[in-house]
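Notes follow once the structure below has been shown.
The values are calculated or read from the model by the stated rules, or taken from the named source; none is laboratory data. Remember, predicted model here, so these are calculated numbers, not experimental data. Positions of Cβ are backbone-derived with ideal geometry, glycine not excepted, and every protein chain shown enters the neighbour counts. Just so you know, the surface numbers come from the protein's heavy atoms only, side chains and all, with ligands and any DNA or RNA stripped out. Shrake-Rupley method; radii C 1.70, N 1.55, O 1.52, S 1.80 Å.
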Amino acid sequence: MSLLLTGIAELVTNDPHWGSAHSDPGDRLLGIVRDAALVIGDGVVEWVGPAAAAPDADERRDLGGRAVIPGFVDSHTHLVFAGDRSAEFAARMTGTPYDGGGIAVSVAATRAATDDELRSLVAARVAEMRAQGTTTVEIKSGYGLTLEDELRSLRIARELTPHTTFLGAHVVPPEYTARRDAYVDLVTGPMLDALLADGLEASPAAYVDVFCEPHSPHAFDGEESRAVLEAGRARGLRLRVHGNQLGPGPGVQLACELGAASVDHCTHLTDDDVEALVAARDTTVATLLPGVEFSTRSPYPDARRLIDAGAAVALASDCNPGTCYSSSIPFAIALAVREMGMTPAEALYAATAGSGRSLGLDRRLAVGEPAELAVVDGPSHLHLSYRAGVPLVRAFEP
């Protein structure tokens with residue numbers, strides 16, 4: 001059955017074919033078609049264009065002058081966790097700095113939870129994301145930090161998305177505080193081997209990640225991070241990196257050198273870091289996570305600096321129990337526009353095409369592409385940041 005969507009005041013395609021018709025930079029970037037229509041069949045886009053030229057279809061649905069956008073791609077989340085850290089958030093709001101130590105609280109709660117409890121929690125979070133326009137999500141492990149708990153975290157994540165990331169190197173767990181080398185050996189040896197034996201290597205969307213942050217006593221320095229990333233790459237996994245969140249450090253340079261698909265946070269960048277991201281723009285995406293800065297009272301990344309230099313930029317939620325318990329990409333877009341120097345068009349593009357690219361996806365609404373789209377309860381994508389905090393967008397359900 002084919003479905004014709006009409007009554008689309010503004011269709012964001014992310015397709016250069018439609019962008020070439022515009023002189024406005026934002027319209028050109030987003031490939032906007034106004035007074036548009038879209039035909040979907042078997043989960044794939046079959047036709048895109050002006051409503052006046054739309055073909056017939058088996059079914060017709062009028063969207064009443066709303067905007068349609070590609071579904072958000074949330075390329076950085078930590079959804080497999082149990083427990084509550086709201087008190088930690090309250091403490092930060094009164095001046096307690098973040099250093100990564102609270103992750104141990106989530107580790108203890110996650111280890112104590114049953115599989116069914118974790119499965120229910122993750123499913124609810126994914127549903128919450130879809131209700132806010134997210135159609136693709138990446139999910140990391142990292143709150144188990146034992147071989148068995150990391151394995152079950154990724155098994156549960158794979159029930160809900162093909163885009164999974166092994167983050168055994170999130171922090172050094174308490175039982176290994178005095179034996180850091182032994183924990184790195186565990187991550188780079190038995191953990192990776194067990195995960196691969198469990199079928200992780202069968203997925204082209206499988207990654208290994210590391211929290212490379214010398215400014216945290218709980219995270220990993222440059223040498224330890226390199227060992228984790230190289231061990232994952234040697235086993236055929238693609239790379240992601242948490243880098244330069246709490247201060248300048250080796251994360252961005254390491255990610256660019258090793259060809260990571262994404263280096264995330266990028267809050268504290270030197271000129272050399274920016275130059276490395278520009279040089280590696282065809283390989284490595286700088287993924288910005290403004291919800292974290294909001295939730296930790298930290299300086300926001302300078303997105304304008306990165307975009308003007310020519311780096312590839314993405315936006316994601318970093319939904320996690322400690323530093324950003326928000327599943328809202330519209331919230332991240334509003335923060336990016338208000339605090340990081342991005343235009344509304346740049347922020348939307350970063351949250352769709354940019355984040356998609358970091359996961360190896362071509363997120364366009366074009367013929368032959370998956371019909372992953374969202375509907376905005378407003379006539380333009382501008383409403384995503386113009387009406388911040390209002391639940392305006394949802395994933396489209398045929």
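Quick test for you: out of S326, S317, pick the one residue that is open to solvent by 20 Å² or more (accessible area, probe 1.4 Å), more than 21 Å from P25 (Cβ to Cβ) and in contact with a strand residue (DSSP E or B) (Cβ under 8 Å, 6 or more places away or on another chain). Checking each option against the conditions leaves just S326. Restricting attention to region 283-303, the residues that are farther than 13 Å from N320 by Cβ and of a type in the set (G, A, S) add up to 3. Out of region 239-271, which residues are of a type in the set (D, E, K, R) and either within 19 Å of T165 (Cβ to Cβ) or open to solvent by less than 10 Å² (accessible area, probe 1.4 Å) (or both)? Listed by number, the residues that qualify are R240, D264. Among helices (runs of 4 or more DSSP H) entirely within region 66-164, having at least 2 residues that are acidic (D, E) and open to solvent by 30 Å² or more (accessible area, probe 1.4 Å) singles out 115-130.
Only one of these is open to solvent by 10 Å² or more (accessible area, probe 1.4 Å), at pLDDT below 95 and not hydrophobic (A, V, I, L, M, F, W, C): G189, G222, G236. Name it. Give the steps one after another, and end with the answer.
Working: G189 fails: at pLDDT below 95; G222 fails: at pLDDT below 95.
Step by step, each of G189, G222, G236 is checked, and only G236 is open to solvent by 10 Å² or more (accessible area, probe 1.4 Å), at pLDDT below 95 and not hydrophobic (A, V, I, L, M, F, W, C).
For region 1-29, the candidate set comprises residues that are within 18 Å of G65 (Cβ to Cβ) and in contact with a His (Cβ under 8 Å, 6 or more places away or on another chain); within that set, the residue that is surrounded by the fewest Cβ atoms within 10 Å (Cβ to Cβ) is E10. When residues in region 48-103 are screened for being closer than 25 Å to R130 by Cβ and not acidic (D, E), 27 of them pass.
With respect to the conditions (1) out of contact with any Lys or Arg (no Cβ under 9 Å at 6 or more places or on another chain); (2) part of a helix (DSSP H, G or I), S355 falls short on a single one, namely (1). Of the residues making up region 32-47, just one is without any contact (Cβ under 8 Å) to a residue 60 or more places away in the chain, open to solvent by 40 Å² or more (accessible area, probe 1.4 Å) and either on the phi < 0 side of the Ramachandran plot or of a type in the set (A, V, I, L, M, F, W, C) (or both), namely R34. Per the listing V285, V278, V274, the residue uniquely touching a Lys or Arg at 6+ places or on another chain (Cβ under 9 Å), over 20 Å from T165 (Cβ atoms) and either at pLDDT 95 or above or open to solvent by 10 Å² or more (accessible area, probe 1.4 Å) (or both) is V274. Cβ-Cβ distances below 6 Å connect the following pairs, each with a first residue in region 143-167 that is among the β-branched types (V, I, T), a second residue that is open to solvent by 30 Å² or more (accessible area, probe 1.4 Å), and a separation of six or more residues or different chains: I156/R119; T164/R158. The single residue among V208, V172 that is farther than 20 Å from T77 by Cβ and among the β-branched types (V, I, T) turns out to be V172. Contact map, region 48-62: first residue farther than 13 Å from E10 by Cα, second residue loosely packed, with under 15 Cβ neighbours inside 10 Å, Cβ cut-off under 7 Å, separation 6 or more or different chains; pairs are D58/M1; E59/M1. Checking A90, A104 one by one, the residue that is modelled with pLDDT under 95 and farther than 17 Å from V292 by Cα is A104 and no other. With respect to (1) part of a helix (DSSP H, G or I); (2) touching a residue at least 60 places away in the same chain (Cβ under 8 Å); (3) over 25 Å from L254 (Cα atoms); (4) within 12 Å of the chain's Cα centre (by Cα), the lone exception for L348 is condition (4).
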